[in-house]
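Q: Dumping the structure here so I can ask a few things about it.
The values are calculated or read from the model by the stated rules, or taken from the named source; none is laboratory data. This structure is a prediction, so every number in the text was calculated from the model and none was measured. As a convention, Cβ positions derive from the backbone with ideal geometry for all residues, glycine included, and neighbour counts pool all protein chains shown.
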Amino acid sequence: MQTEQTAANGRSNRMDRYMPRQDGYYSDGPVPMQLSLTAIRAIIWRQRFIFAGVILLVVVGTLIWTLLQTPIYQAEAKIRVNLFGTTIVEGQDVSDPFVPTTQVGDYLITLSEVIQSRSMALKVADAMNLHNNAQFIADAGIGGDDTLSEEERRQIAASILQGNLEVTPPARSQILAVGYSSSNPVLAAEIANGYAENFLTDDIDQSVAANAYAQEYLEEQIADVRRQLREAEITSIDYARSNQIIGQSSDAGAQAATSGTAPTLTASNLASINTRYIEARAERLSAEARWNAVANVPAAQIAEVQQDAAIQRLLGERAQLEGRLADLRVRYRDDYPAVQELQSQIEELNGQIASMRSDVKQRLRNEYLAAVREENILSDELRRVSQNSLEEQDRRVQFNQIDRDVQSLRSQLDSLLARYNQIAAAANIQSSKFTLLDPARIPTGPSSPNLWRNLLVALVLAIALAIAIAVLREILDDKLRTIEELETRLKLTALGQTPYVADEVSDDLDNRFSPISEAYSSIRASLEYYLGDVKGSAIQFTSNSPGEGKTTSASAVAQKFAAVGYKVLLVDMDLRRPALAARFGVARPKSGLVEVLHGHLPLQSAIIPSGKENLDLLLTAKSPAQPVEILSSGLVPAMLAQAKMRYDLVIVDSSPVLGIADAPLLSRSVDAVVMIIEANRGHMRDVRTAVRRLQDMNANIVGAIMTKYRALEAGESYNYQYQYYSYNAED
């Protein structure tokens, strides 16, 4: 007794664990879905026909479209850009702008835009007379229209040229590629070369025009500056004459132009007198110093006297006479005539020496006085000339301004003449930064349509379109395909899954090593685990819609329980479309389940052997007129209670849920309900509605079985189901 109670408690606990809650979720909680390689592989397999159809349709359509296209030929001419040019003479840089290294890319893009401009297209059209070219007009589709004027045809030709022209700016070089596309390969090469030639010619024309404009502009400027210089010189001369400003030599004038002051005679005199006055003052100071040094000194002690040659000569003569006098006095007295004569000569020499000494001192004084007089004269003259120079300052201010204007105009005229000579020398030199590197050649093959490129692009687009359609279909498709989806999206316990079998299922069920037989054995074990002790239980098998394997699953599970020793009664309670008789290959009885429910026939008399050990059948003989009234009455619980007393397990095969009330009504009379859901068929919306209807009846949905599982549809490999369900030893 205690053992039975413990088993019952365990069974109750396991069943409570999977009892549905009021909000439709189970106590274990939902498992989030994850996008994996298996899921991607499943999508690819399920949508394989969409992939194949879309890709085939797009690729074949692209192939047909490409083959129907008119071949287009592209010719390409290459132009070399020399950013730094070649300078032969000064003046060639008039029309050549300086391009910094950081702006080379922008400059090359600008050149590309110039080539593709409408003005260049018009030049090419005019140069090649394309608006009157029959071939060009025919290719453009405007031939034979005589209503168009010359200018309209010309504009149309320019538009066609722009539409078919392609200029590729270089990425890491200085080569411009000018390509033109046309259905005529010869015309494509001619137009590409025409663009290159017109571009080069246009650059040279612009250079020549720029030099011509520069010459014309400089000529106007030179004439204007000459006129202004002539007027300025006349104004300068008139002003100098009227204000008595006398200029000096041209050298002085050049020096004045540098210093900013125009020299005059008064200014030059002032500078000269000032210099002379300074010299005179220095001489006076020197003379005064010499005189002050000898004014109170005896003449004989003055250095100039002592150094005077005449005085020194007289002193020498006197010394000689004194020597002779001394000799005579030794022999004669002073009254001797010769002595007196010598004395007389000596006195005369002394007088001469004294006179000459006085003259030397007087000369020093006279030099001092002369220096003083000269300084005074120069001082007076300096004051007079300074006064005149001060008076001239006001007049010189305006004169200097006029003179500076003259010098500025002369310098400007010299610069203009030099620049004009440079440009005149470069006027006849036709230089260009652009040279034709490679002329366009007649293409030997079409550039478009490119069959392989179009097919590759079509393949990529087709794959993208197929993926988009497949993803959209997957988003809109809510079918259940795996037990993981069953658990995560429906929150139902997965009891197991059965593989899809193309042959008769009953044959595979008899082979206990077949995949489907192994699958139902696993389901039987799971059901026994979740229910605990299944003895004395009635289990209902139902599905969302007909044909999902409900009857097959009920029969298979009943056989698996019977095979392990359970005494099982399999009841066919699908009162609308009973199918168990056909499943087991027995004849439908004349009296069966309905008669037992109404008490017209004992239960034991209605039971039919199935031919399987431990498994009996209770079949429906005839579909009743009012199955709902029968199932909603109390007859079914009484019959099931009677059956559970005689059998270990009662398995009930009921009708589908949707559309009829049979299965929900029956769920109130059984101990557990098992939902049968066919893989790749049951829609989430419908299955959720069916589960909700059962839950509204407080049905104990113990779990669900997914039938007809296709491994490839779920993203598994082809032999997955056999590896999963089969483990047999080979002979």
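Q: If a residue has to be out of contact with any strand residue (DSSP E or B) (no Cβ under 8 Å at 6 or more places or on another chain) and part of a loop (DSSP other than H, G, I, E, B) to count, how many in the stretch 562-593 make the cut?
A: Matching residues across the stretch 562-593 total 10.
Q: Just checking, which of LEU108, LEU161 is under 19 Å from GLY179 (Cβ atoms) and at pLDDT below 85?
A: Just one listed residue meets the conditions, LEU108.
Q: Does any residue in the stretch 327-350 that is free of Cβ contacts under 8 Å to residues at least 60 places away in the same chain come within less than 7 Å, Cβ to Cβ, of a residue that is among the charged types (D, E, K, R) and part of a helix (DSSP H, G or I) six or more places away or on a different chain, and which pairs are these?
A: The qualifying pairs are VAL339/ARG329; LEU342/ARG324; ILE346/ARG318; ILE346/GLU322; LEU349/GLU317; LEU349/ARG318; ASN350/ARG318.
Q: OK, next. Tally the residues that are out of contact with any Asp or Glu (no Cβ under 8 Å at 6 or more places or on another chain) and either modelled with pLDDT under 85 or not in a helix (DSSP H, G or I) (or both), restricting the search to the stretch 42-67.
A: Residues flagged as out of contact with any Asp or Glu (no Cβ under 8 Å at 6 or more places or on another chain) and either modelled with pLDDT under 85 or not in a helix (DSSP H, G or I) (or both) within the stretch 42-67 amount to 7.
Q: Return yes when MET684 is within 60 Å of the chain's Cα centre (by Cα) and buried (at least 18 other Cβ atoms within 10 Å of the Cβ) and no when it is not.
A: No.
Q: Moving to a separate point now. Looking at the stretch 354-361, is at least one residue without any contact (Cβ under 8 Å) to a residue 24 or more places away in the chain, of a type in the set (Ser, Thr, Tyr) and in a helix (DSSP H, G or I)?
A: yes
Q: For ASN184, indicate whether it is within 17 Å of ALA77 (Cα to Cα) and at pLDDT 85 or above.
A: Spelling it out, it is not the case that ASN184 is within 17 Å of ALA77 (Cα to Cα) and at pLDDT 85 or above.
Q: Of the residues GLN559, GLN604, GLN642, only one is assigned by TED's automatic domain parsing to the domain that holds ARG524, part of a helix (DSSP H, G or I) and buried (at least 22 other Cβ atoms within 10 Å of the Cβ); which?
A: GLN559
Q: Filter the stretch 603-635 down to residues that are in contact with a helix residue (DSSP H, G or I) (Cβ under 9 Å, 6 or more places away or on another chain) and among the polar types (S, T, N, Q) and give me whichever is nearest to ALA563 (Cα to Cα).
A: So the residue we want is ASN614.
Q: While we're on this one: State whether the residues of the stretch 321-337 include one that is surrounded by 17 or more Cβ atoms within 10 Å (Cβ to Cβ) and touching an Asp or Glu at 6+ places or on another chain (Cβ under 9 Å).
A: No, the stretch 321-337 contains no residue that is surrounded by 17 or more Cβ atoms within 10 Å (Cβ to Cβ) and touching an Asp or Glu at 6+ places or on another chain (Cβ under 9 Å).
Q: Evaluate the stretch 631-638: report whether one residue or more is touching a His at 6+ places or on another chain (Cβ under 9 Å), among the β-branched types (Val, Ile, Thr) and in contact (Cβ under 8 Å) with a residue 12 or more places away in the chain.
A: So far as the stretch 631-638 goes, no, none of its residues is touching a His at 6+ places or on another chain (Cβ under 9 Å), among the β-branched types (Val, Ile, Thr) and in contact (Cβ under 8 Å) with a residue 12 or more places away in the chain.
Q: Here's another thing I want to ask about it. Among residues belonging to the stretch 625-639 that are in a helix (DSSP H, G or I) and of a type in the set (Gly, Ala, Ser), point out the one that is surrounded by the most Cβ atoms within 10 Å (Cβ to Cβ).
A: Residue satisfying both the conditions and the ranking: SER632.
Q: Can I ask one more? Which residue, of THR444, THR435, is at pLDDT 80 or above, in contact with a Lys or Arg (Cβ under 7 Å, 6 or more places away or on another chain), surrounded by fewer than 16 Cβ atoms within 10 Å (Cβ to Cβ) and more than 30 Å from LEU56 (Cβ to Cβ)?
A: Going through THR444, THR435 in turn, the sole match is THR435.
Q: Still on this structure, please answer the following. Restricting to the stretch 351-371, count the residues that are surrounded by 14 or more Cβ atoms within 10 Å (Cβ to Cβ) and either more than 30 Å from LEU315 (Cα to Cα) or touching a helix residue (DSSP H, G or I) at 6+ places or on another chain (Cβ under 6 Å) (or both).
A: The qualifying residues number 11.
Q: In the stretch 612-644, which residues are within 17 Å of PRO589 (Cβ to Cβ) and touching a strand residue (DSSP E or B) at 6+ places or on another chain (Cβ under 9 Å)?
A: Scanning the stretch 612-644 gives LEU615, ASP616, LEU617, LEU618, LEU619, THR620, MET639, ALA643.
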